[in-house]
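One structure is given here, and the rest of the page talks about it.
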Amino acid sequence: MLVIKDLHVSVDGKEILKGLSLTINAGEVHAIMGPNGAGKSTLSNVIAGRDGYEVTSGSLTYKGEDLLAMKPEERAWAGVFLAFQYPVEIPGVNNTYLLKAGVNAKRKYQGLDELDAFDFMSVVKEKAKLVELDTSFLTRSVNEGFSGGEKKRNEIFQMAVLDPDLALLDETDSGLDIDALRIVAGGVNKLRSADRAIVMITHYQRLLDYIEPDFVHVLADGEIQKTGDKSLALKLEEHGYDWVKENL
Amino acid sequence: MATNEEIQEHLGEREYEAGFVTDIESETLPPGLSEDVIRHISAIKQEPEWMLDWRLEAYRHWLTMEEPTWAAVDYAPTDYQSISYYSAPKSKDDGPESLDEVDPELLKTYEKLGIPLREQEFLAGVTNVAVDAVFDSVSVATTFKSKLTEAGVIFCPISEAIIEYPELVKQYLGSVVPPKDNFFAALNCAVFTDGSFVYIPKGVRCPMELSTYFRINALNTGQFERTLIIADEGAYVSYLEGCTAPMRDENQLHAAVVELVILADAEVKYATVQNWYPGDENGVGGIYNFVTKRADCRGNRAKVSWTQVETGSAITWKYPSCILQGDDSAGKFFSVAVTTNCQQADTGTKMIHLGKNTKSTIISKGISAGRAQQSYRGLVRMGKNAEHARNYTQCDSLLLGDKCGAHTFPYVEVKNPTATLEHEATTSKIGDDQLFYCQQRGLSEEGAVNMIVNGFCKDVFDELPMEFAVEANRLMEISLEGSVG
């Protein structure tokens, strides 16, 4: 689904990703772990198309197409979803209204009829249950006045409604207490499918107890240093990131 | 993704949809202002002697006044002798009895503007708004008269009211905005040609929304409309006002006066969607909108709200105000002002608390783009008898790009120690992170800007009647059109 080859990315002239390569197939769940400043968030932002990241060389191919040639919204329509590390507040904009605009833009791109308010609401109510989101959230302004945990649940709720093919979860576990983590992880697990790839970016092994990955990658110094299965995450937890560097 | 700079660049490309000119024969007075011109206008209108005297007195006082310069706007001095003070569609000589007698060209104009003048639409259930349409200097059509008459409501051109209801007009005209109030108000008193008159009798709730649309069509013409609304004790009315003008290279002057009289337990809601031609991206042409709007809550528990959406005009000078005389009376001001290109707006409100337990709320949202300059200017005055008066003021400014400006001038005068005032102000930019978030959810950049701006204005749009809320949303979208890089 996503093939990243020798990706070099700079931010403000400083090289953050230094030749990263990674292949992600449908149905797989990947966890990307690594120390602060390793380039984890840079990777997810570049895939989603955020401004301010300069790709100096390498390629990003998504479903056979050059992702770098697509605008952020085109990537969204093609099925790329990013659950934000810091979900943005948009005062006065109704949560459901934003989501409906997004869903219908995607449907238009796919050549489908737009959903009317009635059909849309029935989808929304069903998906809200996935992350045990109270329906009062639907009519509130986007992320405004949400607690940290509510914001993250809202991200996974949006993911459920937008039904992406490639979901990037950027530190979705940070700032969550144990109960909220269980709810969010439960939602993600229900969204696992053979057609969908999920990439989780996290600092902590804890998340992987709830969402079991097929692959664990260690990202440090702008490159994937090591790839393994779930046991790699446990070793990391035990020995720290320096252990990876020492074992290179 | 486009930067803020790109966005503002594209904002410059907004097109003015109402910019067409209607080809219609009209009777226009030659430019110039003198007592003779005023006599002429009064004669055309077949006004009684007292009205002419009133106008001449205002004119003589106006001659002694100076144009105000305190507003934060910059423009070349207006030559008041180069403006024509009267223009009317020719076929209007006898005044239309029904819509069938209105020039079809005019009806087409209003159709283009999306204004429902046709009563049939009401019968078909399309709309529930009575409309008075003012084209250049005269009112051309007032709809739903019979239904309103049944309820005892008077809704007619003010020129007609002067003849038909002289006692009401004499009693209230100039009682809220006196002829000597300010330079532009005095000019308006001297030369106003039409506008709307509304009287809601005691205890009557007006059965429908009332609406007036103003349109400046003729070249080099000023529009000086005068609106007078009286809500007698316990009455209620919701009133909408819309404005457009063709695109012209010359600046056109619009100096209106709106007076609202609200007696005990009555309520008036007054909403404006102002979309006068703003001039082109270089600041050529556009309407000078110098307007005096004031409401007087004369009785106890009287309530008034001003809601305005201002997207047009080259220069806006406008401060809809509330005089809260009655005890427990309440005034509200909700405003969204959008300035792009070279537009300048100095707008705000005055809340004059005189009665006990009077309350006022001010919510002002300013959006600036291009090289536009916008100022909020507000006065809150608590008189010495205004026991326990309260005011809440919130001024938010949103900037698109780095060449525009937002300024806030709050004035506060408190003479009663029991009064409470709150003032909040914010200035923000549309964040790249907000745009990216919306785009990641599938919105185009333009859609994202619209959504964020509409969200910013939500507190005000919520106050608009349904029909106008849709129009306001659409206007904002047009104003921000082409914002995608």
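The values are calculated or read from the model by the stated rules, or taken from the named source; none is laboratory data. Because the structure is a prediction, the values reported are computed rather than measured. Glycine also receives a Cβ, built like all others from the backbone with ideal geometry; neighbour counts cover every protein chain displayed. Just so you know, the surface numbers come from the protein's heavy atoms only, side chains and all, with ligands and any DNA or RNA stripped out. Shrake-Rupley method; radii C 1.70, N 1.55, O 1.52, S 1.80 Å.
Kindly indicate the residue of the stretch A:141-169 that is within 12 Å of the chain's Cα centre (by Cα) and within 11 Å of another protein chain (Cβ to nearest Cβ) and also farthest from A:Asn95 (Cα to Cα) among those meeting that condition. Step by step, filter the stretch A:141-169, then rank; the result is A:Leu168. Among the residues of the stretch A:97-121, the ones that are in contact with a helix residue (DSSP H, G or I) (Cβ under 7 Å, 6 or more places away or on another chain), part of a helix (DSSP H, G or I) and open to solvent by 30 Å² or more (accessible area, probe 1.4 Å) come to 3 in all.
Scanning for something of a type outside the set (Asp, Glu), more than 24 Å from the chain's Cα centre (by Cα), assigned to a loop (DSSP other than H, G, I, E, B) and closer than 18 Å to B:Thr340 by Cα, does the stretch B:405-424 turn up at least one residue? No: zero hits. Condition check for B:Val414 on (1) under 25 Å from B:Ala271 (Cβ atoms); (2) more than 14 Å from chain A (Cβ to nearest Cβ); (3) of a type in the set (A, V, I, L, M): one failure, at (1). Put simply, of A:Asn36, A:Asn94, A:Asn104 the only residue that is under 30 Å from A:Asp209 (Cα atoms), more than 15 Å from the chain's Cα centre (by Cα) and of a type outside the set (A, V, I, L, M) is A:Asn36.
Here A:Leu133 clears all of (1) more than 12 Å from chain B (Cβ to nearest Cβ); (2) in a helix (DSSP H, G or I) except the condition numbered (2).
Listed here are the residues, each with its yes/no results for (1) assigned to a helix (DSSP H, G or I); (2) open to solvent by 40 Å² or more (accessible area, probe 1.4 Å).
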position: B:Glu150; (1), (2): yes, yes
position: B:Cys156; (1), (2): no, no
position: B:Leu168; (1), (2): yes, no
position: B:Leu210; (1), (2): no, no
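Look at the stretch B:435-463: where a residue is more than 16 Å from B:Leu399 (Cα to Cα) and a partner is surrounded by 24 or more Cβ atoms within 10 Å (Cβ to Cβ) and of a type in the set (Asp, Glu), sitting 6+ places away or on another chain with Cβ atoms under 8 Å, you get B:Gln439/A:Glu73; B:Gln440/A:Glu73; B:Gly442/A:Glu73; B:Leu443/A:Glu73; B:Ser444/A:Glu73; B:Glu445/A:Glu73.
Taking the stretch A:53-85 as the range and being free of Cβ contacts under 8 Å to residues at least 60 places away in the same chain, facing chain B (nearest Cβ under 8 Å) and either surrounded by fewer than 22 Cβ atoms within 10 Å (Cβ to Cβ) or part of a strand (DSSP E or B) (or both) as the test, the residues that pass are A:Lys71, A:Trp77.
Could you figure out which of (1) at pLDDT 85 or above; (2) away from chain A (no Cβ under 14 Å) isn't true of B:Leu480? Tallying (1) at pLDDT 85 or above; (2) away from chain A (no Cβ under 14 Å), B:Leu480 fails exactly one: (1).
Quick one: in the stretch B:427-466, which of the residues that are among the hydroxyl-bearing types (Ser, Thr, Tyr) and facing another protein chain (nearest Cβ under 7 Å) is nearest to the chain's Cα centre (by Cα)?
Per the criteria, the residue is B:Ser444.
I'd like to know if the stretch A:170-190 contains one or more residues that are touching a strand residue (DSSP E or B) at 6+ places or on another chain (Cβ under 8 Å) and assigned to a helix (DSSP H, G or I). The answer is yes; a qualifying residue exists. Evaluate the stretch A:151-165: report whether one residue or more is modelled with pLDDT under 90, part of a loop (DSSP other than H, G, I, E, B) and open to solvent by 70 Å² or more (accessible area, probe 1.4 Å). No, because not a single residue in the stretch A:151-165 is modelled with pLDDT under 90, part of a loop (DSSP other than H, G, I, E, B) and open to solvent by 70 Å² or more (accessible area, probe 1.4 Å). Consider B:Ala266 carefully, then state whether it is open to solvent by less than 10 Å² (accessible area, probe 1.4 Å), within 18 Å of the chain's Cα centre (by Cα) and aliphatic (A, V, I, L, M). The answer is no for B:Ala266.
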